[in-house]
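Beneath this line is the structure, given in structure tokens, with notes to follow.
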Amino acid sequence: MDIEQVSVGLFDVFCYLVSCPETKEALVIDPAGDEEQIVQRITEKGLSLIYILNTHGHPDHTCGNAKLKELTGAKIIMHKLDNQMFNSKEGQSMAQQWGLTPSPPPDITVEDGDQITLGNVQLEVIHTPGHSPGGVCFFGDGNLFTGDTLFVGAIGRTDLPGASMNQFMASIKKRLLVLPGETVVWPGHNYGTRPSSTIEDEKRSNPWLV
């Protein structure tokens, strides 16, 4: 698995270009702007974009979906609960209120435990509701893409529609902190003191979890 981390858009979102070195197939996690820059990197690396994955449906993480799909033809993947919430009239209005482009409906919806296969790369969908009803993390080959569930030294917010602090903390403690300590945490925003962490480091030093 090849991973490239790129900070994009106006909200310091970490977007990830994940590819299979053998097949040159690729996916993008949370395109949040700078779509031409993302496509340029895909072209420079000789990759073929197959999927656009969203860790959740908030518009700061999905505002690049429409343009990237238009430019590449890649299929959008989102958890079914966030598809229901963010493709409703209320969800579409949230994007407009934030001044961002709404996402088209996903081509594929997933649930907890589903596997996303890309060449020789496989990512497991881990449902981590709390930040949003259909928030997920993607786990594979010792790497965990956490979106707004777990940051370096922090966690996501729970003051938006559909959020729940109790549900959120249960998701983190029961679904993420049980993973191997050496698992690399790739967060959804560039908010921490460094761009990535590990499960063990977060268990030991994240003030929300100790």
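The values are calculated or read from the model by the stated rules, or taken from the named source; none is laboratory data. Just so it is clear, the structure is predicted and the values come from calculations on it, not from any experiment. We place every Cβ from the backbone using ideal geometry, glycine too, and count neighbours over all the protein chains shown.
Quick one: count up the residues across the range 8-33 that are over 13 Å from ASN65 (Cβ atoms) and either in contact with a strand residue (DSSP E or B) (Cβ under 6 Å, 6 or more places away or on another chain) or modelled with pLDDT of 95 or more (or both).
The total comes to 13.
When the range 148-193 is filtered for residues that are in contact (Cβ under 8 Å) with a residue 60 or more places away in the chain and surrounded by fewer than 18 Cβ atoms within 10 Å (Cβ to Cβ), the ones remaining, listed by number, are LEU160, PRO161, ASN190, TYR191.
The set of residues from the range 11-35 being touching a helix residue (DSSP H, G or I) at 6+ places or on another chain (Cβ under 8 Å) and either among the acidic types (Asp, Glu) or not in a strand (DSSP E or B) (or both) comprises PHE11, ASP30, PRO31, ALA32, GLU35. Which residues, taken from the range 192-206, are in contact with a Gly (Cβ under 7 Å, 6 or more places away or on another chain), of a type outside the set (Ser, Thr, Tyr), modelled with pLDDT of 95 or more and not in a helix (DSSP H, G or I)? Hit for the range 192-206 is ASN206, nothing else.
Under the condition of being in contact with an Asp or Glu (Cβ under 8 Å, 6 or more places away or on another chain) and not β-branched (Val, Ile, Thr), the residues counted in the range 123-138 number 8. For the range 64-97, filtering for residues that are modelled with pLDDT under 90, surrounded by 15 or more Cβ atoms within 10 Å (Cβ to Cβ) and over 16 Å from the mean Cα position of the chain (by Cα) leaves 6.
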